[in-house]
Amino acid sequence: MIPLIDVGSRIRRLRLERGISAKEVAISLGVSPSFISGIEKNTNKCSLENLDRICTVLGVTLGDFFAEDREELSPELHRLLASAQKLTPEQLESVQRLLETIGKE
């Protein structure tokens, strides 16, 4: 049997880890903040389309959203990963080289 996940709590946790307000998510989706709050409290249903849009705002894929919880990353690493997802391959390579150089010190 596949365990059910608490979609609302997971959205809230990801949102807070990234320092994004419910209002910011609501504005991005074109809905009210109370609708987002209802999703997070599991009193409002969240369509797959809205969940995909929320995931985009939070900087995660649907696959990552539904993936089994792995070792939890710190909020700082989540922010770093969210920023890295917006970089071009060339920029990522530059960041990787910089991190390797810093790590050697």
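Here are some notes:
- Angle of helix 48-58 to the longest C-alpha principal axis of the chain, folded into 0 to 90 degrees and rounded to 10: 40°.
- Candidate lysines - alpha carbon under 21 Å from K23, same-chain residues fewer than 8 apart omitted: K41, K45
- For the chain, radius of gyration divided by Kirkwood radius, i.e. Rg to Rh on alpha-carbons: 1.04
- Charge-dipole axis of region 16-105 as Lys and Arg at +1 and Asp and Glu at -1 on Cβ define it, positive-most pick from L51, T101, A22: A22
- The chain - mean residue ellipticity at 222 nm from DSSP helices (-39,500 (n - 2.57) per run, n ≥ 4, rounded to 500): -19000 deg cm²/dmol
Values quoted throughout were computed directly from the atomic coordinates according to the rules given, and no laboratory measurement underlies them. All values reported here derive from a predicted model rather than from experimental measurement. So basically every Cβ, Gly included, is an ideal-geometry build from the backbone, and we count neighbours across all protein chains shown.
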